[in-house]
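Everything below concerns the one structure shown next.
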Amino acid sequence: MPKIFLDRKIYFLLFIAIIGGLIAYYFNYQLKVYEKTKRNDTLINVHQTVVDKFSESINRFAYLMSGLRSHLKYSKEFPNAKEMQEFVKYQAMELNMNDSLIVSFLNTDHEFIYSFTINEMDPNSLVGTSVRDFRRDDEIDRLIILLSEDHMRLFYPINLVEGWVGIPLNFPVIRDKEAVGYIASILNFRNIVEPIYKLEDTDVFTFKFSVKGGSSFDREQVYDGSKVYHDRHDDKYYKNYNIDDEKFMTSSITMYGLTFEIGTAYIDDSLPNPYIRWIFLFIYGLILCFSVYAINRYIIYHHLNERLKRVNEVILEQNTQLEELNATKDRLMSIIGHDLKGPISSIINLISLVEEDSITVQDTQAILKQLNPVAKNTINLLENLLQWAMVNSGNTIFKPEPIPIHKVVEENFTLLKPSASQKKINLKDEVPKNLNAYGDYNMISTVIRNLISNAIKYSESDTEVKISAQDQQNEVIIQVIDQGIGLSEKEIAKINSTEIQVSKKGTAGEKGTGLGLELCKAFLTKNNGLLEITSDLGSGSTFQLKLPKGG
């Protein structure tokens, strides 16, 4: 490519970069103005919503008490504590106030007559005590004034013994045009404020709640120096953020004789730095222009390398599969040609002799007795052969579920008991009844059946085969323990390897193919299980299964 053409390209890119930088600066300035206006509008909207939500919560509280007030004023007979609690409970459920409300009825001497929450009577043992015991004289004076009025009045928020901050809403109880006492109801302030914190996009704001001429408060306490009966803190309290007072948008609302001041402010009031932004965009534009070519070439070469890599991985995987298929084919041919051919030939020869009347009835029975275990072993071999073939072909149906281990062992002991009895081997079940593993029921049953069958096969007469299980954290440990001929370290290593197994004869001359253990390993792998073997020649073996724990 001619050099002059390259120079013109560079000059053009520089010109575009400079113009782009100027444009970026202008739009960044406009963006700053827009963001500031938008943030202010959002603050106004959120603040108004907060004020509305706060007022709505107080009005819901007042609505509940207004209902109680009318009920007490116009009922023919004055309700007892239980009847009053049921009335408040019904009203509170309608207003979704849950159990965040305490209602007390006090006489004109300020003694507690009733005190209850929605679900509990006299929870703080206040009945019979006087409010003078824990309220200041100026607060008692306000209560005395309340008795001479016929309306509801809010009092300053207070830290309650119950461990939360509440807002009292009190009103006198008028019967026959005379005050007989007053209702002191206190609502958990969290119930009032929580709807505000659940509003959309309020995570970037903090809120200030206070009483005019009084102290501030949050969902956990009133900050007026009085005792707090818990050690919790509201992480949304506005003083946690060190925000200047002038940053708050504040409104005053007067409700039921008490004026609240509510403020809203951004937690982070900073705006993005416009200068850093346009410098970044300018540099980014230059880098982008000069990187396009290199990135383009890299993408091309990278795609080619990735394609070659994938092709090589596919070839290696196919080679591995071919080797496994060849090994499986050779093994199948060996088993079919040797282990199946012999028993079937014996059965055919017996049938021929019977047809030709060449043997006596006694000889026939003797031969049948010899062929019976051969036939059973052949059936077992065919079953293992089919399952093994299905595993290697990928056609096995896998259905994991909770597996009751005791049931699996019980079923397989029943199935294998004739073989054990024939060799005078005692089968001992020590599996807890409520222990569950997790996996495919049929696969795990096949594994356990093969291990029990092998234990019987390689055990001497008058010995014991025991199976136990235990719960260990997130897994189930199952042990099949025999007192048989045992295994050498070399034999154990071969079982744990990927080599094709060759089974040795059992203590009564039982034949095998080695497929059983291979099938066990394949099924355990499918079920995220593990097989561990410990054994000494002549001292028996322990086959330990580790399976995921079931529900």
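Values computed for the structure shown
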quantity: Alpha carbon convex hull of segment 161-221, projected area averaged over orientations, nm²; calculated: 6.5
quantity: Heavy-atom SASA rank of MET152, MET121, MET93, MET249 (probe 1.4 Å, accessible area, largest first); calculated: MET93, MET121, MET249, MET152
quantity: Heavy atoms of ARG190: accessible area, 1.4 Å probe, square angstrom to 10; calculated: 80
quantity: Potential lengthening between ILE44 and LEU530 on full extension [0.36 nm per residue; Cα-Cα distance subtracted]; calculated: 168.6 nm
quantity: Segment 409-551: C-alpha gyration tensor shape, a/c 1.5 cut-off, then a/b vs b/c; calculated: oblate
quantity: Accessible-area composition of segment 59-109, carbon plus sulfur, in percent [1.4 Å probe]; calculated: 47
quantity: Total charge dipole magnitude, segment 51-201, about the Cα centre, Cβ charges on Lys, Arg, Asp, Glu only, Debye to nearest 20; calculated: 200
quantity: Mean separation of Cα contacts under 8 Å, 6 or more apart, over the residue count of segment 406-547: relative contact order %; calculated: 26
quantity: For ALA437, residues with placed amide H under 5 Å, excluding near neighbours; calculated: ILE403, ILE405, GLY550
quantity: For ASP234, residues with placed amide H under 5 Å, excluding near neighbours; calculated: GLU220
quantity: Computed label-point distance, nm, for sites PHE15 and LYS399 using a 7 Å Cα→Cβ extension; calculated: 7.5
quantity: Probe 1.4 Å - accessible area at ASP471, Å² to nearest ten; calculated: 80
quantity: Accessible area of TYR63 in the full protein assembly, 1.4 Å probe (Å², nearest 10); calculated: 140
quantity: Distance cut-off 19 Å, percentage of C-alpha pairs in segment 86-215 lying past it; calculated: 55
quantity: Exposure ranking of ILE167, ILE19 by accessible area [1.4 Å probe, largest first]; calculated: ILE19, ILE167
quantity: Potential extension, ASP150-GLU77 segment - 0.36 nm per residue separation minus Cα distance; calculated: 24.3 nm
quantity: Student exercise, segment 66-144 dipole from Lys, Arg, Asp, Glu Cβ charges, in Debye to nearest 20; calculated: 240
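The values are calculated or read from the model by the stated rules, or taken from the named source; none is laboratory data. This is a predicted model, so every value here is computed, not measured. Here Cβ is always computed from backbone atoms with ideal geometry, including for glycine, and neighbour counts include all displayed protein chains. Surface areas here come from the heavy atoms of the whole protein model, side chains and all, with no ligands, DNA or RNA. Shrake-Rupley method; radii C 1.70, N 1.55, O 1.52, S 1.80 Å.
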